[in-house]
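Here the structure is laid out as structure tokens; the discussion comes afterwards.
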Amino acid sequence: MVENRPWLTVVSHLVLIVGIAIVVLPLWVALVASTHTGRDLLSAPIPMWFGSHGVDNYRQMLTSGMEHVSGQPLTLMLFNSLVMALSIAIGKIVISLTAAFAICYFRFPLRMTCFWIIFITLMLPVEVRILPTYEVIANVFTPLTRLLELFGFEGDEIVIAGLSIRLDFSMLDSYTGLTLPLIASATATFLFRQFFLTVPDELTEAARIDGAGPMKFFRDILLPLSRTNIAALFVILFIYGWNQYLWPLLITTDPSYVTVVMGIQRMVNVADTEPQWHLVMTAAVLAMLPPVLVVIGMQRLFVKGLVETEK
Amino acid sequence: MAELRISGVEKVYPNGFKAIHGIDLDVPDGEFIVLVGPSGCGKSTLLRMIAGLETVSSGTIQIGDRVVNELEPADRDIAMVFQNYALYPHMSVYQNMSYGLRNRGYPKDAIEERVQKAAGILQLDGLLDRRPRQLSGGQRQRVAMGRAIVREPSAFLFDEPLSNLDAKLRVQMRVEIKQLQRRLGTTSVYVTHDQIEAMTMADRLVVMNAGVAEQVGTPIELYERPSSVFVGGFIGSPSMNFMPATVEPDGRHLRLSDEARLALPVEGRRVEPGRPVTVGVRPEHLTLSADADSALAFKIVLIEHLGADTLLYGSASSVEATGEGGGLLTVRWSGHHTPPAGEVIRLAADPAHLHLFDAATGRRI
Amino acid sequence: MIKRVTFRHKWLPYALLAPQLLITLVFFIWPASQALYQSVLRQDAFGLRTEFIGFENFADLFADPTYLSSFHITLVFCLAVASISLGFALMLAVMADRVIKGATTYKTLLIWPYAVAPAIAGVLWYFMFNPSIGINAWILRTVFGYDWNHTLDGGDALLLVIIAAAWKQVSYNFLFFLAGLQAIPRSLIEAAAIDGASPLKRFWTIVFPLLSPTTFFLLVVNVVYAFFDTFGTIHATTNGGPAGATNTLVYKVFNDGFIGLDLGGSAAQSVILMIIVVSLTVVQFRYIERRVEY
């Protein structure tokens, strides 16, 4: 710093340490609680140092879960969360890359219309369209049949070349339903668009002279150049997917599709009794672990992703 | 190998701006032609039209015996070296050089052979596994050249390829490119805004100004007989001196001012007396004179030592120079023993090296 | 907007855009238009007849004291979350910008809460404030003599979700404040020091004004976060209670629509939320266009 005042530096360190203590306290409490028995946590003050039942708690939660609430082992919930997080992250990246490529590298009729349609998704989070979206998930063909009705066709069947197709397909309680509707992404499309605009035009020209068509250019030049951006975005989107809450709450009723983040809610909200806190905290630690490890392990990519998606 | 024929080529942008006003140019097989001009003169646009990176508004471009107007860049059998090299940053030198061949489905061993050969010519042998960012500016430049020559195209197109290098390296690469082109004998079109680069490299050069080819010719033709004030001022360094003058009634002399007269060159004797002209004389053609009658009184204002010779800047009595010197005339003085600043010397111009231009149009008389 | 150098192809760009557009149309645009449509309809109890009623659903909403109180709660909640997490993060960022030793360790220890799901964040603090065994509730009781009970006291419950929501957002704000601070040229601070400004004075007269673009940006982001992303925090802990004390607009739209199955009313609430998001997005984008700059 500008002047050398040791006491200022000491104060800075002190403030940081106290701040970090406040920030870390919930994690500490959860970790400690997850190593005790339910009996240890019955009366205040609860212990602030580790107990000896950690292994038992984690084993129980991972293998059989909490019997009286749905009774799903956490392994299954963690697996569901992983599927959801990975599908959302990869799906968003793939369709945003191609969309951004089309918008940046081609001139075609309705280009700006497509851009604005994608832009609008920014303003329509799940929270503002809960019921109608549920309706669509319950039958994905709802928009189509309603439109057909408008044009005088009745019913939910169409006949094409003698084949009758029932327009009824539900995505409730499925991985498709958990992920597909969430992979549209204006943010990711904008991020890639922003990045593509910084790629020198001469590279495209050189590739054209070298005989590369659009898809070859996309695969050989643009994708490899986007590598760090893709990785950074992946970190952010993985966390986003893992932490989804309202969406799985809406479209899953079958316990075998419960994700870990929403599963904890059922363990906490037990009727007329105190939750089994030692097991709840075990579950909470397990639910936090994957995304927290991703953030800490890929700190540089994470920071990059965070900053870039906000541009 | 092929000749390049450009006939009546024009470029009009969608916004109505006309960048190229009908250019005709024949480049015989194996020639090194340089397009030179100030920025915005249309030289890069013309090059990019030859490459197929810009559409041609009217006229035709022919490479060999094919009209290529509608062909994709990849199908024109040309290779291009870009100003910023446009190397693919994520590919090794080898991959950069072979990418075009791979896209055209050449067999592996043929690619290997061509890349190795090009690497040998360009002294890139040890660098084939490096990435572009691990290379120096000069090495990147060579890789860009290598990418062009492995293709063995009909024509090379260069878009200001040396402008990102420092001055010393630029001179070195200038020589290398020229030698390489001689050796391969490939028709080349080279765009630059640097007239020294243009003069030293070109077999012939095209001086462009505001979308028009002002003059086409060998470096010496352009130096000796510039067709306009623009070409005269653009070619040669330091720049030509220009002064307004009128032809005297005797038809044999030019009057610069009341005190200053210059003898007309032989070819200028056809100029009718009384006509206002712009007279151009290069700094190296102004010499000390004892003849008080036909000489300029030149007052030295500033002296620049270049080593082998010296530049003198100064004003001539009541003569208003209109060239680059900001109202001052420039004289190239061989050696470095010059009169001190402030002194007045008398200068004469060799009539054989006087250039006369129409005062209104700037065209050579 | 578009590259100078483009490719020509008849159908390829549409094929590349198709997945994104299809998902957007089916799962975003269609449901949103349905919400708009249903907000002006009334359905009878059996879902057999619907009639057009204009803005009656909206009029009903604004005549409903629980909706108005939900509006009020949301406002308090957003402002509290934003100011607590911004203030705390700014203080930590300023300190982290000062220290050289251990800066990366501090940073790592401060950014991980970003990865914690809002619902989990809620559960962690719900546990720490648990009236009978929570460590925080115990400290409040034994040290300050305050009987914390978020299951009965609405104020306590609101404070609980505010703290949980703000805690999670500190990481994000900290990172952006730190980046903003590090972007301020050292020479400016040095010039101010030579002009005789004390560290505190330098902060308020030089650093804070130069940081204002970051602050404003974060303010908008935090309000959006508090508005929409904290559903899990509330749903996993207080369930909007006690007696509606933590019933924010987003929680209410879920509760009335998905649980209470009030089609028209919930659609009208959705439309109001949409208007709020649109205005927040507009503010955010106008800010990006003309950043507060010097």
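The values are calculated or read from the model by the stated rules, or taken from the named source; none is laboratory data. Just so it is clear, the model here is predicted, and its values are computed rather than measured. With ideal geometry, Cβ positions are generated from the backbone for all residues, glycine too; neighbour counts draw on all protein chains shown. Accessible surface is based on the protein model in full, side chains and every heavy atom, while ligands, DNA and RNA are left aside. Shrake-Rupley method; radii C 1.70, N 1.55, O 1.52, S 1.80 Å.
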Helices (runs of 4 or more DSSP H) completely within segment C:3-112 that count 2 or more residues being open to solvent by less than 20 Å² (accessible area, probe 1.4 Å) and more than 9 Å from every other protein chain (Cβ to nearest Cβ) | C:56-63, C:65-98
With (1) within 21 Å of residue A:278 (Cα to Cα); (2) surrounded by 23 or more Cβ atoms within 10 Å (Cβ to Cβ); (3) within 11 Å of chain A (Cβ to nearest Cβ) as the list, and residue C:178 as the residue in question, which single condition is left unmet?
-> (1)
In this structure, is residue C:160 under 30 Å from residue A:297 (Cβ atoms) and touching a residue at least 60 places away in the same chain (Cβ under 8 Å)?
-> no
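The rows are residues; the columns are (1) away from chain B (no Cβ under 14 Å); (2) open to solvent by 30 Å² or more (accessible area, probe 1.4 Å); (3) of a type outside the set (S, T, N, Q).
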position	(1), (2), (3)
A:110	yes, yes, yes
A:113	yes, yes, no
A:145	yes, no, no
A:164	yes, yes, no
A:169	yes, yes, yes
A:184	yes, no, yes
A:190	yes, yes, yes
A:193	yes, yes, yes
A:203	no, no, yes
Do we find that residue C:159 is under 24 Å from residue A:279 (Cα atoms) and among the hydrophobic types (A, V, I, L, M, F, W, C) in this structure?
-> no
Any residue at all in segment C:188-195 that is within 17 Å of residue C:95 (Cα to Cα) and either surrounded by fewer than 17 Cβ atoms within 10 Å (Cβ to Cβ) or touching a Phe, Trp or Tyr at 6+ places or on another chain (Cβ under 9 Å) (or both)?
-> no
Of everything in segment A:19-37 that's more than 10 Å from every other protein chain (Cβ to nearest Cβ) and not small (Gly, Ala, Ser), which residue is surrounded by the fewest Cβ atoms within 10 Å (Cβ to Cβ)?
-> A:37
Number of the condition not met by residue B:157 [criteria: (1) at pLDDT below 90; (2) open to solvent by less than 10 Å² (accessible area, probe 1.4 Å)] | (1)
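Yes/no per residue for (1) more than 32 Å from the chain's Cα centre (by Cα); (2) under 21 Å from residue C:26 (Cβ atoms); (3) among the acidic types (Asp, Glu):
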{"position": "A:146", "(1), (2), (3)": "no, yes, no"}
{"position": "A:150", "(1), (2), (3)": "yes, yes, no"}
{"position": "A:178", "(1), (2), (3)": "no, yes, no"}
{"position": "A:197", "(1), (2), (3)": "no, no, no"}
{"position": "A:203", "(1), (2), (3)": "yes, no, no"}
{"position": "A:209", "(1), (2), (3)": "yes, no, no"}
{"position": "A:225", "(1), (2), (3)": "no, no, no"}
{"position": "A:230", "(1), (2), (3)": "no, no, no"}
Is there a residue in segment A:206-216 that is farther than 30 Å from residue A:284 by Cβ, more than 10 Å from chain B (Cβ to nearest Cβ) and crowded, with 21+ Cβ neighbours inside 10 Å?
-> yes
Test residue C:220 against the criterion of being within 11 Å of chain A (Cβ to nearest Cβ) and under 16 Å from residue C:68 (Cα atoms), and give yes or no.
-> no
In this structure, is residue C:283 at pLDDT 75 or above and open to solvent by less than 30 Å² (accessible area, probe 1.4 Å)?
-> no
Taking segment B:184-193 and keeping only residues that are farther than 13 Å from residue B:204 by Cα and in contact (Cβ under 8 Å) with a residue 60 or more places away in the chain, one is left with B:185, B:186, B:192, B:193
Inside segment C:203-215, can you point out the residues that are within 13 Å of chain A (Cβ to nearest Cβ) and either of a type outside the set (S, T, N, Q) or touching a Pro at 6+ places or on another chain (Cβ under 6 Å) (or both)?
-> C:203, C:206, C:207, C:213
Check on residue A:188, aliphatic (A, V, I, L, M) and more than 24 Å from residue A:83 (Cβ to Cβ) | no
State which residue is farthest from residue C:74 (Cα to Cα) when the search covers only segment C:230-266 and only residues that are more than 7 Å from chain A (Cβ to nearest Cβ), in contact with a Leu (Cβ under 8 Å, 6 or more places away or on another chain) and among the small types (Gly, Ala, Ser).
-> C:264
Matching residues in segment B:3-31 - criterion: being exposed (fewer than 13 other Cβ atoms within 10 Å of the Cβ) and not in a loop (DSSP other than H, G, I, E, B) | B:8, B:24
Among the residues of segment C:144-180, which ones are of a type in the set (Val, Ile, Thr), farther than 11 Å from residue C:113 by Cα and within 21 Å of the chain's Cα centre (by Cα)?
-> C:161, C:162, C:163
Segment B:140-187, residues that are hydroxyl-bearing (Ser, Thr, Tyr) and in a strand (DSSP E or B) | B:187
Every residue from segment A:38-61 that is touching a residue at least 40 places away in the same chain (Cβ under 8 Å) and facing another protein chain (nearest Cβ under 7 Å) | A:41
Residues within segment B:57-103 that are among the basic types (Lys, Arg) and in contact (Cβ under 8 Å) with a residue 24 or more places away in the chain, tallied = 1
Members of segment B:69-119 that are more than 12 Å from chain A (Cβ to nearest Cβ), in a helix (DSSP H, G or I) and surrounded by fewer than 17 Cβ atoms within 10 Å (Cβ to Cβ) = B:108, B:109, B:110, B:112, B:113, B:116, B:117
Within segment A:210-259, residues in a helix (DSSP H, G or I), hydrophobic (A, V, I, L, M, F, W, C) and closer than 30 Å to residue B:103 by Cα come out as A:215, A:217, A:218, A:221, A:222, A:223, A:225, A:230, A:231
Checked pairs for segment C:28-39, first at negative phi, second at pLDDT below 90 and of a type in the set (Lys, Arg), C-beta under 7 Å and 6 or more apart or across chains, list as C:31/A:129; C:32/A:129; C:35/A:129
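Each row is one residue, and each column tells you yes or no for (1) surrounded by fewer than 21 Cβ atoms within 10 Å (Cβ to Cβ); (2) closer than 20 Å to residue B:31 by Cβ; (3) at pLDDT below 90.
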{"residue": "B:188", "(1), (2), (3)": "no, yes, no"}
{"residue": "B:199", "(1), (2), (3)": "yes, yes, no"}
{"residue": "B:218", "(1), (2), (3)": "yes, yes, no"}
{"residue": "B:222", "(1), (2), (3)": "no, yes, no"}
{"residue": "B:250", "(1), (2), (3)": "yes, no, yes"}
